[in-house]
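A quick write-up on the structure given underneath.
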2 protein chains.
Amino acid sequence: MQHKIYFTPGPSQIFYTVEDHLKSALNEDVMCISHRSANFQAIFAHARAELSKLLNLPEGYDIYFTSSANEVWERIIQNLVEKQSHHFVNGSFSKKFHQFALDYQKSSTATKVEDGGDFKDLSVPDEAELISVTLNETSIGYTFPIEKIKELRAQNPDKLIALDAVSAFPAIPFDLNLVDTAYFSVQKCFGLPAGLGVWIVNQKCHATATNLEAKGHITGSYHSLAQLKAQGDKYQTPETPNILGIYLLGKVAEDMNRRTARQIQNDTSYKAALLYQAISESNSLEPFVESKECRSKTVVVAKVNDGNEAILKSMTEKGWIVGKGYGSYKGDHIRIANFPVHSKEQIEQMADFLTKQ
Amino acid sequence: MQHKIYFTPGPSQIFYTVEDHLKSALNEDVMCISHRSANFQAIFAHARAELSKLLNLPEGYDIYFTSSANEVWERIIQNLVEKQSHHFVNGSFSKKFHQFALDYQKSSTATKVEDGGDFKDLSVPDEAELISVTLNETSIGYTFPIEKIKELRAQNPDKLIALDAVSAFPAIPFDLNLVDTAYFSVQKCFGLPAGLGVWIVNQKCHATATNLEAKGHITGSYHSLAQLKAQGDKYQTPETPNILGIYLLGKVAEDMNRRTARQIQNDTSYKAALLYQAISESNSLEPFVESKECRSKTVVVAKVNDGNEAILKSMTEKGWIVGKGYGSYKGDHIRIANFPVHSKEQIEQMADFLTKQ
């Protein structure tokens, strides 16, 4: 049987260098070393440095490691929101983050639009301390237009803005100065095994967390922002972390820097254009997101006339594992990941196939 | 250079089958598959089944996966303690858990004894809802006697008992019926890469968490016990978890079952006896924990007259990586892990070396 290619929107195909890096990890005893050793500090520092370069991290922004993007949602609510956050909800993941805030008994609000539709109203309640924006809704392939994030930034100079960059970074270019905090998990565009989240915060976030602590709020224990910073300043973590995950992230970020973020982003645009072109030429497919500027470049979602069963079967026969629709769209959508690991050749073959459907 | 052997008390030497299982994981696309796929459910079910067998899990006890034992501390406080827990503190890790409870603004109390000393007073405040016991204090090599846990159980039929089994399971035999919840991380006795915690709970824990939720308490979001159960009942997890970690845990637990828990536990006792015998014969070493029944079999801690610098240097020259003392004992103790991966031959050589010190 031919080997499979995973076009699933995360976990997805692992980056092509991961296997070699796993071998190096074994040779370098990465799975044995103490998280309080100088060896670990070097791994932490390397991952931070390579990510900083790849994401063009602005001065004053820090990088911390958590176990998932889900965990970052929780830590943001605990550390950066006293009473109210406001969430732009256009899909299942942005909705979940809003739910996390409600679970933590915040009076959080949301602007919801129909799935696949665009946000017309960018107003935010005065009381909201933090605004949540999802750059790339993995569930339905919706991209929040960067121009609108700029507008939110300009209109809300005193509020924090949190960016969900899951399945976007580093394939989608973004100026981190536009937000105060951003986060992602590594099993999407980085092509790494799941079990690691990356949390980026600026000094305004640190000040907010310090202020909440001073007011007597519970900010979490080992993964409060203060604890992450106290240890992170020494290139360490509060707990024994996913050391292998941090090592692999540093290595793959280094590989990506060698290719350059710009090249990865240009390739992503080119491959996405091929896929959407093919979908528009197909007789049985159409893009789920109407507005062209809101169509995700990394998670291409198409509606399938008469359901996705037949097309998924044909794809599986070719060795292509493609995502079903998310949630209620399970039987009606296909979701095709267009991540840095997916080569132009693979995407050209996929586009060729889609055109004929 | 000869290859190193890690006798550090976690992370430690990886179990000798891990490298092969990593290769299988690559062949089986474990790092690519969706956490909502049947493949993942099979991995989850396998890990649970093998662990259940290895730990002799009683009827009605469930196993869930978190990112670390630190996370389990937090989830226990959120889900199982309304106002007060009581902590038996004899070392840094039991102390940390007490601190987590205080961070979450509980009125938690503690019985503290001098490091290395034994608990004489087992009384627990009436108001405490949960009692925390650390079976094996990794920081100072102290083992909480099982007879005393039985006494606590008999005297406190209405309270929950939480067992910290980090660096104990599966090398130390334990009847889980004696406690309501237990937890460990995998980078100790299981010899696995760090980044995964295992949380065992019984039905009384589920009932407690349900009751706290009904009362309006915050029980966490994605990793509330209710969410872990809702997904766990389907062999799934709320978030995209450390799939590779769960896979490796299932495989290594299977390997250990082949050897049998009893054999592993017998070997652990034999090897521990060798190490303590050697320490008592040495001129410059003595066991840190006075009471013989309280000396840990898996983390053997010795005081070194005139400091540990010279002995650690000699050990490093032999390729043996041994733990320094924890915290304030950094320069005075050595900590030698005696985990299932450490063979009788390796421990015999270590004992031989220690005798001559």
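Every number in this text was worked out from the coordinates using simple rules, so none of it is lab data. Nothing here was measured: the structure is a model prediction, and the numbers come from that model. Glycine also receives a Cβ, built like all others from the backbone with ideal geometry; neighbour counts cover every protein chain displayed.
Just a few scattered comments:
- The 3J(HN,Hα) values that the Karplus relation (6.51, -1.76, 1.60; θ = phi - 60°) gives for the range B:72-87 are, in residue order, 4, 3, 5, 5, 4, 4, 5, 9, 10, 10, 7, 10, 8, 10, 10, 10 Hz. Gly and Pro appear as x.
- Hz values of 3J(HN,Hα) by residue in the range B:203-219 - Karplus curve (6.51, -1.76, 1.60), Gly and Pro given as x: 5, 5, 5, 4, 5, 5, 5, 4, 5, 5, 4, 4, 7, x, 7, 7, 10
- For B:Val299, residues with placed amide H under 5 Å, excluding near neighbours: B:Asn338
- Which of B:Ile149, B:Leu275, B:Val72, positive extreme of dipole for chain B (C-beta unit charges): B:Leu275
- Those GluC sites (Glu not before Pro) in the range B:38-80 that DSSP places in a loop and that have at most 14 other beta carbons within 10 Å: B:Glu59
- Whether the range B:1-89 is rounded, prolate or oblate, judged on the alpha carbon gyration tensor where a/c under 1.5 counts as rounded: oblate
- Shortest-first nm distances, A:Thr355 label point to equivalent points in other copies (7 Å, Cα→Cβ): 7.8
- Axis-nearest residue of A (beta carbon) for the A-onto-B rotation, whole Å: A:Ser67, 2
- Among the trypsin sites (Lys or Arg not before Pro) in the range A:126-216, those located in a DSSP loop and surrounded by at most 13 other Cβ atoms within 10 Å of their own Cβ are A:Lys215.
- For B:Pro125, inter-copy label distances in nm, listed shortest first [label point 7 Å out on the Cα-Cβ vector]: 3.7
- Based on DSSP H segments of at least four residues, each scored -39500 (n - 2.57), the protein assembly as shown has a per-residue ellipticity at 222 nm of -12500 deg cm²/dmol.
- Simple spin-label estimate for B:Ser123 and A:Ser280 gives 8.0 nm between the two label positions (7 Å along the Cα-to-Cβ direction from each Cα).
- With an a/c value of 1.5 or above and a/b not larger than b/c for the gyration tensor axes a ≥ b ≥ c computed over the alpha-carbon atoms, the range B:123-263 is described as oblate.
- For chain B, relative contact order (Cα pairs under 8 Å, six or more residues apart, normalised by length) works out to 25 percent.
- For the protein assembly as shown, the share of alpha carbon pairs falling in successive 10 Å distance bins from zero is 3, 15, 25, 26, 18, 9, 4, 1, 0 percent.
- Peptide A:238-251, shielding by other chains (average Cβ, 10 Å cutoff): 5
- For the range B:216-357, the spread of Cα positions along the three principal axes, ordered from largest to smallest, is 57, 38, 32 Å.
- Volume per residue of the convex hull around the Cα atoms, evaluated for chain A, comes out as 129 Å³.
- Residue list for the range A:247-266, given a label point 7 angstrom along the Cα-to-Cβ vector of A:Glu19 and an amide N cut-off under 19 Å: A:248-249, A:251-253, A:255-256
- When B:Ala273 is represented by a point 7 angstrom out along its Cα-to-C-beta vector, the spacings to that point in the other copies are 7.6 nm, nearest first.
- Dipole magnitude for chain B: about 320 debye, using +1 per Lys or Arg Cβ and -1 per Asp or Glu Cβ, origin at the Cα centre.
- Table column - 3J(HN,Hα) (Hz), the range A:250-255, Karplus curve with 6.51, -1.76, 1.60, x for Gly and Pro: x, 5, 5, 4, 5, 4
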